[in-house]
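Below: one structure, written as C-alpha cells.
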Amino acid sequence: MEVSGGQLCARARFWASLRIDGELSELEGALLEAHLARCADCRAVADGFGGAAALLRSTAQEPLSAPVPVSARRSPRRLLATVSVAALLLLGIVAGGVVRGEVFQRTASKPRIVAVVANVETPDQLRRLRRTTLLNTRKLPRDISGEPV
C-alpha cells in the first residue's frame, strides 16, 4: 500500500490508529470523520487498520506453558576483557583522584579575591571603582598598535 497525501493525511492516519486503541478525543474524532469523508486513501487506510485490529482481537491467545530458556555462552576472552576494562577504570579513577588532590592542595594555599566591598554613594562611584579595580588587576599590553616590540 502506498502512502499518499500530506500532513493532514499523516495526522488522520495517526488519529485512525488512536481511535482503534480508544485513545482519540471527541474533537479529534470529529476532525478524523470529516477528513475520512473527503479522502478515499485515508478511508482505505483506516478501514485496513480496523480490519487488522479486528483480526488480531478475534484470534485465540495461546497460553505460554513455561518460560523460554535463553542460553548465553560465556567465553573466557569476554570475561578477561571485562575484568581488564574494570581494572583500567579503577586505575583511572585513582589516578584522577591523586592528581585532583594535588591540584587542590596547590590552589588551596593561594588566596583568591572574590569580591570588592566598598562604601559608595552613587552608581558613578561604583562604576569608577569597578573600572580602576579591573585596570589594576589586568595586565595591559605596552603597545596596543599591534606591532611587535
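Read-outs: derived from the displayed coordinates by stated rules, not from any lab. A quick note: this is a predicted structure, and the numbers were derived from the prediction, not measured. All Cβ positions, glycine included, derive from the backbone under ideal geometry; neighbour counts span all protein chains shown.
Gain on full extension, evaluated as 0.36 nm per residue between Leu56 and Leu90 minus their Cα-Cα distance, stands at 7.0 nm.
Quick one: grab the alpha carbon gyration tensor of the stretch 1-66, order the square roots of its eigenvalues as a ≥ b ≥ c, and give me rounded if a/c is under 1.5, else prolate or oblate depending on whether a/b is larger than b/c. The shape class here is prolate. Taking 0.36 nm per residue of separation and subtracting the Cα-Cα distance, full extension of the segment from Glu33 to Ser71 would add 8.6 nm.
Sort the stretch 24-103 into rounded, prolate or oblate with this rule: let a ≥ b ≥ c be the square roots of the eigenvalues of the Cα gyration tensor; rounded if a/c is under 1.5, and if a/c is not under 1.5, prolate when a/b is larger than b/c, oblate otherwise.
Details: a/c = 5.01, a/b = 2.06, b/c = 2.43.
It comes out oblate by the Cα gyration axes.
A protection proxy built from the mean count of other Cβ atoms within 10 Å ranks the segments 69-79, 37-47, 87-97, most packed first, as 37-47, 87-97, 69-79.
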